[in-house]
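The values are calculated or read from the model by the stated rules, or taken from the named source; none is laboratory data. On a predicted model such as this, the values are computed, not experimentally measured, just so you know. Glycine gets a Cβ as well: all are built from the backbone with ideal geometry, and neighbour counts include every protein chain shown. Remember, those area values only see protein heavy atoms, side chains included, never the ligands or the DNA or RNA. Shrake-Rupley method; radii C 1.70, N 1.55, O 1.52, S 1.80 Å.
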There are 2 protein chains.
Amino acid sequence: MARHIIVLILCLPCFFPLFAQEPSGYNLWLPYSKISESPVLKEYTDITKTISLPGASQTLQIARTELNRALKKMLGAPPSVATSLRADPTLLIGTKDLLPPELQKMVNDDLSRAGDEGFVIKSVKHRKKKILLISANGDIGILYGVFRFLNLMQQHQSFVKISLVDYPKIDLRMLNHWDNLDRTIERGYAGFSLWNWQKLPEFIDQRYIDYARANASIGINAVSLTNVNANALILTPMYLEKVKALADVFRPYGIKVYLTARFSAPIEIGTLKTADPLDPNVKQWWADKADQIYSLIPDFGGFLVKANSEGQPGPQNYGRNHVDGANMLAESLRPHGGNVIWRAFVYSEHDADDRAKQAYTEFVPYDGKFMDNVLVQTKNGPIDFQPREPFHPMFGAMPKTPLMMEFQITQEYLGFSTHLVFLPKLYEEVLDADTYQQGEGSTVARIIDGTLQNQKISGMAGVSNVGNDMNWTGHPMAQANWYGFGRLAWDPYLSSETIAEEWLRMTFSNQEAFIGPMKEMLIKSREAVVNYMNPLGLHHIFDTGHHYGPGPWVSELSRPEWNPTYYHNADAKGIGFDRTPSGSNATEQYAEPLRSRLNDPDTCPERYLLWFHHLSWDYRLKNGKTLWQGMALKYQEGVDQVEEMIATWKQMQPYVDQVRHKEVQMLLQIQLKEAKWWRDACLLYFQTFSKKDLPEGVGKPTRTLEHFKSLKFPFAPGIRPQWN
Amino acid sequence: MARHIIVLILCLPCFFPLFAQEPSGYNLWLPYSKISESPVLKEYTDITKTISLPGASQTLQIARTELNRALKKMLGAPPSVATSLRADPTLLIGTKDLLPPELQKMVNDDLSRAGDEGFVIKSVKHRKKKILLISANGDIGILYGVFRFLNLMQQHQSFVKISLVDYPKIDLRMLNHWDNLDRTIERGYAGFSLWNWQKLPEFIDQRYIDYARANASIGINAVSLTNVNANALILTPMYLEKVKALADVFRPYGIKVYLTARFSAPIEIGTLKTADPLDPNVKQWWADKADQIYSLIPDFGGFLVKANSEGQPGPQNYGRNHVDGANMLAESLRPHGGNVIWRAFVYSEHDADDRAKQAYTEFVPYDGKFMDNVLVQTKNGPIDFQPREPFHPMFGAMPKTPLMMEFQITQEYLGFSTHLVFLPKLYEEVLDADTYQQGEGSTVARIIDGTLQNQKISGMAGVSNVGNDMNWTGHPMAQANWYGFGRLAWDPYLSSETIAEEWLRMTFSNQEAFIGPMKEMLIKSREAVVNYMNPLGLHHIFDTGHHYGPGPWVSELSRPEWNPTYYHNADAKGIGFDRTPSGSNATEQYAEPLRSRLNDPDTCPERYLLWFHHLSWDYRLKNGKTLWQGMALKYQEGVDQVEEMIATWKQMQPYVDQVRHKEVQMLLQIQLKEAKWWRDACLLYFQTFSKKDLPEGVGKPTRTLEHFKSLKFPFAPGIRPQWN
């Protein structure tokens, strides 16, 4: 065998990562990676030496389990967590009423601010020793406090001098699932619905529990289970039993369940001939339905309603208005403490006015007329979840109505789950925007959290990006958008940079060589997608139906405001939607001095330029380029930014498990291909009007305009099923 | 704090299992659990001390990686696997041509039997030392050999005296995925399609790799990706690029890709006006299409075709027959070495004859007329994947045609992914059945593997039960059906007990206290479902469309043979389908002496009684009971058997991780509820004819017949989407 003897002997760990040992990314931002750096390790070991977490509720049991699991993974050994007060704990976790009097005194003031859901994490001296104290007024505050404690541990932060009081600034922190009963998800790009209706109510999928846990870790306290394009069957007894099973799982995590109510349900699943909200039988039907629901789910959240919008039935079918409809439902829920969340996403094919104006026009006159358990849910911008929109002019314009924010976490107009786009940057831009409705500083955040206009209830909803993909969100980095939404719903004044850093540290690594470049990459990613899709205020130029890829040429849809050409108005002279007084005058819906600033192209921020103005191809931008040149260069800039993301990610290999590293790498390549597709398709199309050459620096299109126009995607995910 | 001092200090590992540390069951039968028993541990440590596995192909790299991963998990430390021959290996793994001559001699005879895919695992003496040798003629044989080695290790078997030669008895060992392009799966109950067409070809989901690896571990070497109710778009260039990406992933695992060919594709995605198989333009279109496919996928397997069946287009649309259609496609594939798999699942609304007879009637005359790269794929029974059917009479009746077996692994008529049913028991019953077509011993297995009738090619297909559920198959125990199908496709003479034991040991535990009761439970589970759904030869009494739950009363569907009443023929006198000469004479399609035996109710096995006979309610069964009593007691027996399964499973808690234990527990409760539903609904309905009381021992129905009739499941999974 001599001649077969080898020189090189190879062990093959290098092949290992080709296989996932376990599905990668399932644990989200809660991997609880082992801590090996000594400074915090010593501190953490000391703090967690003896832990007391008294109390018997399910919520407190969950807090203990989480602590146990996390500390075992991070510190290597299972901690000892007592279910009652120990003599000398190093870490004491308990609601205020369970604390010894001398400790109660130390947190009295803090907890008077913390409310039902807040908590305090404080390093205090007790019986001559330093201990770490986590306290709250209620059990859910304890769970939130424990999750924050573990969050900070995952970030390797010191607790030596900590004195942290935190509580949610917004009451309803909600995920809206647009999940259909056949488990397809409208605008869902991470697989299919988590809700396995077939096996409910008996079979409780482990994912329901892990989903609730993930939500609780960021403070989400409400979920609407079903598509706003609703099916009334969800309100039948068979389905309500299933909903109850989910509600029972979610309850100890502090999460209330909402359902979407199809306005015509009394006809479709009842025996009535009408759904007129002023009809006594209809009122009775909904009151009975509410009674039935609450008998199963005593803490049912309420109804989320899309009515008289995009074909959905509503009070207008009977000559009534949104107030009639919302208040009728609110009345049925009021005895039980439930809410109606009534969506303001309306525009009519019978209204020739600018679509961007219609929701304001219709809803603002109703201010003050809704019952006090009604929230009006408004999308962040006046059109429809575009890569960039100015804030919705309704914000601040209805001081007597609690306006609930509706953000989209799922990336309908943002490259599905294929493009890396860090959305907290988008959310922050909206929340920080100044409406000037009550003078300078009337930011959207202050309207949403109710402080500016003294609302009794406040809310923020995000259309969920979660599906049954192994990693929940399809794109590994899209988990950051779920996380970031939750954090901003808790505190709308957090910066997107803070959120990015938290999430990166928790999810991947605390190494500075990773955090620095990755934080920059996340933050820039949102502007990149605006640049290669919809620069300079362009909007709604997506291909029809699926909203995947560019379709600025689409002009033949039955409703004018469904056509991209309606929005860009490109012609030989120029491009853009004139929303100034010379055009649709949508700017009148904004308060001064913003209104005047928007009306003048010189003072209108360039990022909104073509949203508000129709301008000549030769219009001079601030950088001296013509509009045509500037637009073309913006598209190219977007492509270049994706190239940079690819280069950055390549450097991150040492800090990320290989399966996920490879996944993101493949997805970034698709993003690059599609960024070029956007650039080429849009510029070739707009060039048919501008008749101008591409400026230097802009890549040559690889395919013809005809090729791009010919692309069809009949099975793109997320399209509304035909039965709806 | 004295009064707060506690007596009891609890650590809380008991709460741990409420959370899955990682998704439970993802690793299938390859968990590679740590081995702690000393006898085998010592042996295994010695054997794996120095390993040589020379060779550079991707397939061999995969074998090395698998070995590395498995040994690390089972033995605790990463092994040293050399990529070339070592001086003194304890474990030598290599194709014959790479072995030193003295070792080649030792395996020469074995490998002459092993063929392209077989392997030898042998304990041999080499240079005065005992070593373990795994050899094969080709790289895929090495991969199969390594997987078998690890399979045996997982079962804690000794290799001291091993001398094992094994090779597949069947050429095509195939999974048929009925996956649609929108990712729904016809008759799929484990979530949605693994194939993420949207992100292909660029994004290679880790699951594609893990799926291929699982298949290779049991010898599956072919997969058809798309639904037999086909969409022609899969044959367009955009989709073929995606198919190529999957084929590239699967190739090193020894797996070839097949596609379903919609017969009308030349019209739908081409420019032709006809799909007539004798039209030269049509022939040319398919030849060109084959060239295009093979230019992308040089080892493309071929086409699987459902034609002129349940509304699918086919040659009969043009006055041609199945031979014309199959041979035309076969001609297009022959230059490239591809196969046509032509399904024999046909029955016509224009043929008044017994549906069970029609496939035989239509196909047997074609025997000998198909080209030699055509296989005719026949379902195991003459109707449609019922809990029990006699074998299909075509088996053995077409000696000049390779008949390919089609089993269903997904549980369309077997309680979806909610019921625990161990299907290898069903497959074994079919494979062991004696057709008598060439005298006694003409078993279905010998027809399928080609030995009885000297076929040049052989095949067995299973309609996959795999979806994107975390554990692949929905029900944790349904993984055994995927595993068992693969093992039987490799060796149709394996016993279901052997398979059950292998799977249980690999997946859960080697402890005898687990293996004994669980093996019995799996083996019995198939008879349980027959008892509570379709005892004594009853069949096709499922509710319409979704096939979920009982619907024996359904009688109003447009095609008579779609109605359950067509199959059970219950009336005041009796029940059953007379298929003897006094009835449809379907028995004439079976060979003697079986035919005569079936014709006589006294010699017809009681398990097929009502399949072949219409008998009086007072007919006496072998146990002395009347047919009515016996039927009622069988239904009850099924319910009782599920109760026993629940009791057994409860005892298994120590051997199963808690998440999976809980999952199966919940599913068994649903199975019990539904077993009672079947019993109650069927007996109440049949009682309207028999007018007899339920015999003693049969549980009283909990609901009325009207209640059971009123149940509707509009969103049951697996229904054919409307666009098809």
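Given the criterion farther than 28 Å from A:LEU233 by Cα, within 14 Å of chain A (Cβ to nearest Cβ) and open to solvent by 10 Å² or more (accessible area, probe 1.4 Å), identify the matching residue among B:ILE646, B:ILE719.
B:ILE646
Please indicate, with yes or no, whether at least one residue in the stretch A:504-521 is part of a loop (DSSP other than H, G, I, E, B) and buried (at least 23 other Cβ atoms within 10 Å of the Cβ).
No; the residues of the stretch A:504-521 include none that is part of a loop (DSSP other than H, G, I, E, B) and buried (at least 23 other Cβ atoms within 10 Å of the Cβ).
Within the stretch A:182-195, track down each residue that is buried (at least 22 other Cβ atoms within 10 Å of the Cβ) and at negative phi.
A:THR184, A:ILE185, A:GLY188, A:TYR189, A:ALA190, A:PHE192, A:SER193, A:LEU194, A:TRP195
Hey, does the stretch B:102-119 have a residue that's buried (at least 17 other Cβ atoms within 10 Å of the Cβ), within 10 Å of chain A (Cβ to nearest Cβ) and over 20 Å from B:ARG148 (Cα atoms)?
Yes, the stretch B:102-119 contains a residue that is buried (at least 17 other Cβ atoms within 10 Å of the Cβ), within 10 Å of chain A (Cβ to nearest Cβ) and over 20 Å from B:ARG148 (Cα atoms).
So which residues in the stretch B:64-101 are small (Gly, Ala, Ser), open to solvent by less than 20 Å² (accessible area, probe 1.4 Å) and outside any helix (DSSP H, G or I), if there are any at all?
Correct list: B:ALA82, B:GLY94.
Here's a check for you: in the stretch B:607-620, which residue that is of a type outside the set (Phe, Trp, Tyr) and within 33 Å of the chain's Cα centre (by Cα) is most open to solvent (accessible area, probe 1.4 Å)?
B:ARG607
Listed here are the residues, each with its yes/no results for (1) modelled with pLDDT under 95; (2) more than 20 Å from A:TYR44 (Cβ to Cβ); (3) assigned by TED's automatic domain parsing to the domain that holds A:MET74.
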site: A:GLY115; (1), (2), (3): no, yes, yes
site: A:PHE119; (1), (2), (3): no, no, yes
site: A:LYS128; (1), (2), (3): yes, yes, yes
site: A:GLY138; (1), (2), (3): no, yes, yes
site: A:GLY141; (1), (2), (3): no, yes, yes
site: A:GLN155; (1), (2), (3): no, no, yes
site: A:SER158; (1), (2), (3): no, no, yes
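Please specify each residue of the stretch A:79-98 satisfying the condition of being more than 9 Å from chain B (Cβ to nearest Cβ) and under 18 Å from A:LEU132 (Cβ atoms).
A:PRO89, A:THR90, A:LEU91, A:LEU92, A:ILE93, A:GLY94, A:THR95, A:LYS96
For A:GLY76, only one of the following conditions fails: (1) away from chain B (no Cβ under 14 Å); (2) at pLDDT 95 or above. What is its number?
That leaves (2) as the condition not met.
Can you name every residue in the stretch A:462-502 that is out of contact with any Gly (no Cβ under 7 Å at 6 or more places or on another chain), on the phi < 0 side of the Ramachandran plot and aromatic (Phe, Trp, Tyr)?
A:TRP482, A:TYR483, A:TYR493
Mind listing whichever residues of the stretch B:128-151 are outside any loop (DSSP other than H, G, I, E, B) and open to solvent by 20 Å² or more (accessible area, probe 1.4 Å)?
Correct list: B:LYS129, B:LYS130, B:ASP139, B:ILE140, B:ARG148.
Looking at the stretch A:649-683, which of its residues are open to solvent by 30 Å² or more (accessible area, probe 1.4 Å) and either away from every other protein chain (no Cβ under 14 Å) or on the phi > 0 side of the Ramachandran plot (or both)?
Listed by number, the residues that qualify are A:LYS650, A:GLN651, A:GLN653, A:PRO654, A:TYR655.
Taking only the stretch A:190-233 into account, find how many residues are of a type outside the set (S, T, N, Q), within 28 Å of A:ILE170 (Cα to Cα) and within 13 Å of chain B (Cβ to nearest Cβ).
12
Across the stretch B:197-212, what is the total count of residues that are open to solvent by 10 Å² or more (accessible area, probe 1.4 Å) and under 15 Å from B:TRP472 (Cβ atoms)?
Going through the stretch B:197-212 one residue at a time, the tally reaches 4.
Among the residues of the stretch A:261-278, which ones are surrounded by fewer than 16 Cβ atoms within 10 Å (Cβ to Cβ) and part of a helix (DSSP H, G or I)?
Correct list: empty.
Working only within the stretch B:159-180, note down all residues that are assigned to a loop (DSSP other than H, G, I, E, B) and open to solvent by 10 Å² or more (accessible area, probe 1.4 Å).
B:VAL160, B:LYS161, B:ILE162, B:TYR167, B:PRO168, B:LYS169, B:ASP171, B:TRP178
Test of understanding: among A:HIS126, A:HIS156, which residue is over 15 Å from A:PRO54 (Cβ atoms), away from chain B (no Cβ under 14 Å) and touching a helix residue (DSSP H, G or I) at 6+ places or on another chain (Cβ under 7 Å)?
A:HIS156
Residue check, B:GLN198 against (1) in contact with a Lys or Arg (Cβ under 9 Å, 6 or more places away or on another chain); (2) touching a residue at least 40 places away in the same chain (Cβ under 8 Å); (3) not small (Gly, Ala, Ser), all met but one. Which one?
(2)
Give the stretch A:22-44 a look and list any residue that's more than 10 Å from chain B (Cβ to nearest Cβ), assigned to a loop (DSSP other than H, G, I, E, B) and open to solvent by 20 Å² or more (accessible area, probe 1.4 Å), or say none.
A:PRO31, A:SER33, A:LYS34, A:SER36, A:GLU37
In this structure, is B:PHE363 buried (at least 22 other Cβ atoms within 10 Å of the Cβ) and under 29 Å from B:GLN411 (Cα atoms)?
Judged against the criteria, B:PHE363 is a match.
Failed condition for A:PRO535, given (1) surrounded by fewer than 18 Cβ atoms within 10 Å (Cβ to Cβ); (2) touching a helix residue (DSSP H, G or I) at 6+ places or on another chain (Cβ under 6 Å), with all others met?
In the conditions (1) surrounded by fewer than 18 Cβ atoms within 10 Å (Cβ to Cβ); (2) touching a helix residue (DSSP H, G or I) at 6+ places or on another chain (Cβ under 6 Å), A:PRO535 misses (1) alone.
Among the candidates A:GLY630, A:GLY638, A:GLY699, single out the residue that is crowded, with 17+ Cβ neighbours inside 10 Å, closer than 22 Å to A:ASP543 by Cβ and away from chain B (no Cβ under 14 Å).
Result: A:GLY638 is the single residue among A:GLY630, A:GLY638, A:GLY699 that is crowded, with 17+ Cβ neighbours inside 10 Å, closer than 22 Å to A:ASP543 by Cβ and away from chain B (no Cβ under 14 Å).
Could you say which residue among A:LYS49, A:LYS125 is within 26 Å of A:LYS161 (Cβ to Cβ), in a strand (DSSP E or B), of a type outside the set (A, V, I, L, M) and out of contact with any strand residue (DSSP E or B) (no Cβ under 7 Å at 6 or more places or on another chain)?
Selected residue: A:LYS125, the only one of A:LYS49, A:LYS125 that is within 26 Å of A:LYS161 (Cβ to Cβ), in a strand (DSSP E or B), of a type outside the set (A, V, I, L, M) and out of contact with any strand residue (DSSP E or B) (no Cβ under 7 Å at 6 or more places or on another chain).
Could you identify the single residue in B:ILE47, B:ILE62 that is within 14 Å of chain A (Cβ to nearest Cβ) and under 25 Å from B:GLY219 (Cβ atoms)?
That would be B:ILE62, the only listed residue that is within 14 Å of chain A (Cβ to nearest Cβ) and under 25 Å from B:GLY219 (Cβ atoms).
Name every residue in the stretch B:552-592 that is among the charged types (D, E, K, R), in contact with a helix residue (DSSP H, G or I) (Cβ under 7 Å, 6 or more places away or on another chain) and surrounded by fewer than 17 Cβ atoms within 10 Å (Cβ to Cβ), in order of residue number.
Within the stretch B:552-592, B:ASP571, B:GLU588 qualify.
Can you tell which of A:ALA461, A:ALA500, A:ALA478 is hydrophobic (A, V, I, L, M, F, W, C), away from every other protein chain (no Cβ under 14 Å), open to solvent by less than 20 Å² (accessible area, probe 1.4 Å) and assigned to a helix (DSSP H, G or I)?
When all the criteria are applied, what remains is A:ALA500.
Within the stretch A:372-430, which residues are over 23 Å from A:ASN531 (Cβ atoms) and of a type in the set (Phe, Trp, Tyr)?
Correct list: A:PHE395 only.
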